[in-house]
1. I need every pair where a residue in region 233-252 that is within 18 Å of ASN276 (Cα to Cα) and touching a residue at least 12 places away in the same chain (Cβ under 8 Å) has its Cβ under 8 Å from the Cβ of a residue that is of a type in the set (A, V, I, L, M, F, W, C) and surrounded by fewer than 18 Cβ atoms within 10 Å (Cβ to Cβ), sequence separation at least 6 or different chains.
2. Give the residue, chosen from LEU209, LEU252, LEU233, that is at pLDDT below 95 and buried (at least 22 other Cβ atoms within 10 Å of the Cβ).
3. When only residues in region 92-122 that are of a type in the set (Val, Ile, Thr) and either surrounded by fewer than 21 Cβ atoms within 10 Å (Cβ to Cβ) or in a loop (DSSP other than H, G, I, E, B) (or both) count, which is farthest from the chain's Cα centre (by Cα)?
4. Assuming ASP150 fulfils every condition listed in (1) part of a loop (DSSP other than H, G, I, E, B); (2) surrounded by fewer than 22 Cβ atoms within 10 Å (Cβ to Cβ) apart from one, which condition is it?
5. I need a count of the residues in region 118-134 that are among the hydrophobic types (A, V, I, L, M, F, W, C) and in contact with a Gly (Cβ under 7 Å, 6 or more places away or on another chain).
6. List the residue pairs whose Cβ atoms are under 6 Å apart, where the first residue sits in region 74-88 and is free of Cβ contacts under 8 Å to residues at least 60 places away in the same chain, the second is assigned to a loop (DSSP other than H, G, I, E, B) and open to solvent by 30 Å² or more (accessible area, probe 1.4 Å), and the two are 6 or more positions apart or on different chains.
7. Return the pairs, sorted by first residue and then second, in which the second residue is assigned to a loop (DSSP other than H, G, I, E, B) and hydroxyl-bearing (Ser, Thr, Tyr), the first residue lies in region 165-178 and is at negative phi and surrounded by 22 or more Cβ atoms within 10 Å (Cβ to Cβ), the beta carbons are less than 9 Å apart, and the residues are 6+ apart or on different chains.
Amino acid sequence: MKYCRLGRTGLYVSKLCLGTANFGTGKSSGKGDWGVVDEKGAFRIMDYALDCGINFFDTANVYGGIETRGLTETIIGNWFKQGNGRREKVVLGTKVGRVFEKSDLDGPNNVEGLSLYKIRRHVEASLTRLQTDHLELIQMHKADPLTGWDEIWEAFEGLVRSGKADYVGSSNHDAWQIMKAQEAARRRGFMGLVNEQHLYTPLARTPELELLPMVKDQGIGITIFSPLFRGLLGIDAFHPEKRPMNAESRKLFEKYRDQAEQYSKLCRELGETEANVTFAWELSRPEITSVIVAPTCIEDLSSVLKSVDIVLQEDVLRKIDSIFPPTVEASPYI
């Protein structure tokens with residue numbers, strides 16, 4: 001495994017981050033609350049990840065299934081409870097901000113947002129489920145345009161000062177939103193954001209316009225979620241039946257079939273799987289800290305470990321650009 005610093009911090013994290021959204025047994029709504037791996041299977045995956053040198057784990061308070069939100073954090077907490085240094089070896093990040101439907105305790109405040117009230121209550125609940133007294137990284141699941149940054153930073157500063165969190169990150173934020181956040185943090189003498197979790201793949205290249213130049217300038221890390229674009233960039237387009245596809249994946253495959261076939265042809269020429277080439281392409285950008293891999297079994301995780309060692313030559317990168325063109329042809333910042 002290879003490691004790099006999380007943004008401008010001195011903390012080193014693995015280039016592959018273990019995504020845990022698949023941990024749970026509840027019915028998924030398809031809106032980011034997946035839960036298809038039971039506790040026993042999740043334990044095996046997490047143990048294997050540690051053995052492979054993956055020290056960066058990603059989760060969220062709403063993961064586990066639409067009727068069992070929070071179950072993923074509970075599973076991770078039960079795994080930590082087994083001891084043998086499991087908690088100490090993991091750089092753990094969770095998220096706050098989305099609606100937690102199963103809770104009726106927040107009343108009218110059970111809405112999407114980042115009020116001080118909600119951040120405090122929901123992070124405390126996450127710590128209880130995770131059976132830990134602190135988080136290495138607490139992240140905002142999405143931006144809240146209705147709550148001011150002074151209130152948001154008041155909440156997160158309190159967590160950091162009290163030792164309940166080390167660093168703060170964002171997710172699904174635009175470049176201008178992050179810059180507003182950083183300016184507010186500077187006024188308060190606070191470190192601000194150290195990482196942004198974002199969608200960036202050969203099929204989703206808009207971050208190249210503003211986000212990637214901004215994080216490079218500001219020293220903020222980027223962690224990629226859904227790096228295979230809902231699985232599409234990990235499919236052998238000539239034999240798509242090898243991997244099960246849900247309705248969303250099948251729709252995407254039909255939409256991008258021509259590009260997917262060109263990509264599979266290139267990957268065959270390289271002698272690598274589509275998933276490994278995709279991860280290698282994403283990690284080739286110096287702005288990218290880590291790629292989130294969300295396996296459903298050990299075999300899924302094992303198959304992508306070599307991606308951190310793959311170096312794509314310039315001619316290969318140009319071929320990928322021809323298959324998946326950049327959002328713009330030229331920019332002085334790219």
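The values are calculated or read from the model by the stated rules, or taken from the named source; none is laboratory data. Small disclaimer: the values here were computed from a predicted structure and weren't measured. For neighbour counting, all protein chains shown are included, and Cβ atoms are generated from backbone atoms with ideal geometry for every residue, glycine included. Only protein heavy atoms, including side chains, enter the accessible area calculation; ligands, DNA and RNA are left aside. Shrake-Rupley method; radii C 1.70, N 1.55, O 1.52, S 1.80 Å.
1. From residues that are within 18 Å of ASN276 (Cα to Cα) and touching a residue at least 12 places away in the same chain (Cβ under 8 Å), the pairs are ILE235/MET245; ILE235/PHE253; ALA237/PHE253; PRO240/PHE253.
2. Values: LEU209 fails: buried (at least 22 other Cβ atoms within 10 Å of the Cβ); LEU252 fails: buried (at least 22 other Cβ atoms within 10 Å of the Cβ).
When all the criteria are applied, what remains is LEU233.
3. Selected residue: VAL111.
4. Single failed check for ASP150: (1).
5. We begin by selecting, within region 118-134, every residue among the hydrophobic types (A, V, I, L, M, F, W, C); these are 119, 123, 125, 127, 130.
Keeping just the survivors that are in contact with a Gly (Cβ under 7 Å, 6 or more places away or on another chain) gives 130.
Of the residues in that region, 1 qualify.
6. Sorted first by the residue in region 74-88, then by its partner, the pairs are GLY77/GLN131; PHE80/GLN131; LYS81/GLN131.
7. TYR167/THR9
One line per residue, one yes/no per condition, for (1) of a type in the set (D, E, K, R); (2) in a strand (DSSP E or B); (3) surrounded by 19 or more Cβ atoms within 10 Å (Cβ to Cβ):
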site: VAL215; (1), (2), (3): no, no, yes
site: THR223; (1), (2), (3): no, yes, yes
site: ALA237; (1), (2), (3): no, no, yes
site: TRP281; (1), (2), (3): no, no, yes
site: LYS319; (1), (2), (3): yes, no, no
